[in-house]
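Some notes on the structure that comes next.
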């Protein structure tokens, strides 16, 4: 666990250092650049959840950085890209999940973007009804002309008025 926490800290530090270095070398993004990046990344986020609703995380896996690291609600510790690879098999047939996703905020700095959104899940992948709301963050990095998700974190939000 210490190794994964250390890696999460290193990835976070690398993002911060990389973002800082980018600011010294490039001007702040224009409103059009921010809007373009936000639209591209938000479309990817929606596609990830569309895949999950079908029991398929292949799109998520294919759009994750090889250095992907996540700590999502219900997992005891951060996990790497290999968990997404395994989920492509374990999620098959788990096609009953229902999630409403709502955009909250977005930040772009150089080749790093952070998107915040809320999920309201009313059914688990196996069909069990639930009423869960999650606050989520994804850190995306530009990879050539594409965006790859580098880091993910979610927390259960028990405030009923925060649903999308």
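Only the coordinates and a few stated rules stand behind these numbers; no lab work does. This is a predicted model, so every value here is computed, not measured. As a convention, Cβ positions derive from the backbone with ideal geometry for all residues, glycine included, and neighbour counts pool all protein chains shown.
In the range 118-131, the condition of being crowded, with 18+ Cβ neighbours inside 10 Å, under 13 Å from the mean Cα position of the chain (by Cα) and within 30 Å of residue 30 (Cα to Cα) is met by at least one residue. Screening the range 49-84 for residues that are touching a strand residue (DSSP E or B) at 6+ places or on another chain (Cβ under 8 Å) and free of Cβ contacts under 8 Å to residues at least 40 places away in the same chain and picking the one that is surrounded by the most Cβ atoms within 10 Å (Cβ to Cβ) gives 84.
Restricting the range 133-147 to residues that are in contact (Cβ under 8 Å) with a residue 40 or more places away in the chain and out of contact with any helix residue (DSSP H, G or I) (no Cβ under 9 Å at 6 or more places or on another chain), the residue that is surrounded by the fewest Cβ atoms within 10 Å (Cβ to Cβ) is 143.
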